[in-house]
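The values are calculated or read from the model by the stated rules, or taken from the named source; none is laboratory data. Every value quoted in this text rests on a predicted model; they were computed, and no experiment measured them. FYI the Cβ positions are ideal-geometry reconstructions off the backbone, even for glycines, and counts take in every protein chain you see.
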Amino acid sequence: MAKIQMKTPLVEMDGDEMTRIIWKQIKEIIIEPNVDLKTEYFDLGLKHRDETADQVTIDAANRTNELGVAVKCATITPNAQRMTEYNLHTMWKSPNGTIRAILDGTVFRAPILVKGIRPFVSCWEKPITIARHAYGDVYRDTEFLVDGPCRADLVLTYPDGRQESQTIFEYKDAGVVQGLYNTDKSISAFATSCFEYALDTKQDLWFATKDTISKKYDGRFKEIFQNIYDTQYKEKFEAAGITYFYTLIDDAVARVMRSSGGFVWALKNYDGDVMSDMLASACGSLAMMTSVLVSPKGVYEYEAAHGTVTRHYYRHLKGEQTSTNPMATLFAWSGALRKRAQLDGLKDLEDFADRIEKASIETIEEGTITGDLNNLLDNDNKKTVTTEEFLRAVAAKL
């Protein structure tokens with residue numbers, strides 16, 4: 001049978017460890033037998049990022065802005081142990097943080113729900129979508145180790161030489177200090193993306209920060225969201241029959257845990273990172289979570305919401321079989337192919353992306369699963385298989 005044709009390439013960002021192995025398997029088993037795959041390949045594996053002084057990450061993000069759609073494998077954000085393990089020149093920042101800063105978008109994450117896996121939060125009936133701000137905060141921070149008594153000041157210097165300063169802390173001994181930042185432009189883009197996504201999906205939008213403590217930093221987020229809603233979206237939301245409201249993040253967490261789901265929950269960068277993992281775990285597995293970065297210009301970058309599955313990778317290096325769940329990475333590929341198809345008017349490619357997801361979900365619902373779902377799926381005929389066996393079962397359904 002003739003392969004499905006593509007017009008415009010995807011930006012393909014390869015990654016690290018076990019997810020890099022799964023990435024190759026998905027292409028070989030699921031996609032390439034059916035699609036004449038066109039991608040522009042960027043190797044974001046940690047070794048290559050180090051060799052290029054992380055320029056490859058910047059190049060990949062810039063090309064994504066040009067082509068409009070990317071798909072990204074999970075990547076390592078190095079710590080001190082990785083510095084030694086990979087003999088790195090420096091402790092490179094999060095590649096996701098770099099990409100998000102360049103695209104200036106919002107990350108939308110939602111669980112992949114299947115029959116037979118009941119969310120641990122029993123009242124959740126519909127998926128909750130996490131809208132995570134994708135710029136600044138701890139992912140682009142500046143940090144110092146304080147090695148003795150000193151005074152830490154926060155200083156603003158304007159082009160005309162005018163300065164404003166505040167003392168952060170008077171250190172009497174060693175410690176740490178951290179500086180975070182954000183911009184009105186990025187916060188506004190975040191808010192606009194959230195309001196547009198909520199309208200597009202006809203879902204209520206919640207936004208939560210901690211402005212009672214962070215009166216200026218978090219308070220600025222709250223102020224910008226409310227202003228954009230009041231001046232641009234209030235009437236549209238009312239006409240669509242959906243609502244927007246703000247609450248403190250601790251109150252939001254309590255509300256979320258007793259809700260039935262079916263709404264968009266907008267959060268700052270780090271809050272969104274943590275809460276999306278909580279949401280994924282509560283719905284079954286970190287590997288059962290979709291993630292897409294949407295920029296204000298309509299650029300899309302699809303990725304898995306989890307990490308590189310290091311523990312399984314070390315077992316793989318020993319020649320052992322692993323049962324790593326490929327669903328999030330598989331849905332990153334299907335999401336990117338679908339969006340590319342929609343932008344290029346390729347109905348057959350869009351249908352293929354839909355069939356990938358349908359076949360994957362049916363494979364799990366019929367009992368063929370990876371090890372992480374063994375204690376979660378309610379099915380008397382369930383069978384735990386390796387990653388490759390799972391992907392071949394999906395391919396058979398296709």
(message) With the requirement that a residue be β-branched (Val, Ile, Thr), modelled with pLDDT of 95 or more and farther than 19 Å from Ala305 by Cβ, what does segment 56-107 give you?
(response) Val56, Ile58
(request) Kindly state which strands (runs of 3 or more DSSP E) lie completely within segment 132-239 and contain at least 1 residues that are outside the structural domain of Ala61 (by TED's automatic domain parsing), within 27 Å of Ser260 (Cβ to Cβ) and at pLDDT 95 or above. (result) 204-209
(message) Residue under question is Arg63, and the condition is that it be surrounded by fewer than 19 Cβ atoms within 10 Å (Cβ to Cβ) and under 23 Å from Ser295 (Cβ atoms); does it hold?
(response) yes
(message) assigned by TED's automatic domain parsing to the domain that holds Asp36 and at pLDDT below 95: is that true of Glu320 in this structure?
(response) yes
(request) Output the residue which, of all residues in segment 258-276 that are outside any strand (DSSP E or B) and touching a helix residue (DSSP H, G or I) at 6+ places or on another chain (Cβ under 9 Å), is surrounded by the fewest Cβ atoms within 10 Å (Cβ to Cβ). (result) Tyr270
(message) Looking at Lys38, Lys72, can you tell me which residue is of a type in the set (Lys, Arg) and surrounded by fewer than 19 Cβ atoms within 10 Å (Cβ to Cβ)?
(response) Lys38
(message) If I ask for residues that are hydrophobic (A, V, I, L, M, F, W, C) and surrounded by 20 or more Cβ atoms within 10 Å (Cβ to Cβ), which ones from segment 5-20 would you list?
(response) Leu10, Val11, Met13, Met18
(message) Looking only at segment 186-213, filter to residues that are without any contact (Cβ under 8 Å) to a residue 24 or more places away in the chain and under 25 Å from the mean Cα position of the chain (by Cα); which one of those is nearest to Tyr135 (Cα to Cα)?
(response) Glu196
(message) Can you tell me which residue is farthest from Ile31 (Cα to Cα) among those in segment 325-349 that are more than 19 Å from the chain's Cα centre (by Cα) and either among the small types (Gly, Ala, Ser) or crowded, with 18+ Cβ neighbours inside 10 Å (or both)?
(response) Gly345
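Yes/no matrix, rows are residues, columns are (1) touching a Gly at 6+ places or on another chain (Cβ under 6 Å); (2) farther than 23 Å from Leu180 by Cβ; (3) of a type in the set (Gly, Ala, Ser):
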{"site": "Ala53", "(1), (2), (3)": "no, yes, yes"}
{"site": "Leu67", "(1), (2), (3)": "no, yes, no"}
{"site": "Cys73", "(1), (2), (3)": "yes, yes, no"}
{"site": "Thr90", "(1), (2), (3)": "no, no, no"}
{"site": "Arg109", "(1), (2), (3)": "no, no, no"}
{"site": "Lys115", "(1), (2), (3)": "no, yes, no"}
{"site": "Ile128", "(1), (2), (3)": "yes, yes, no"}
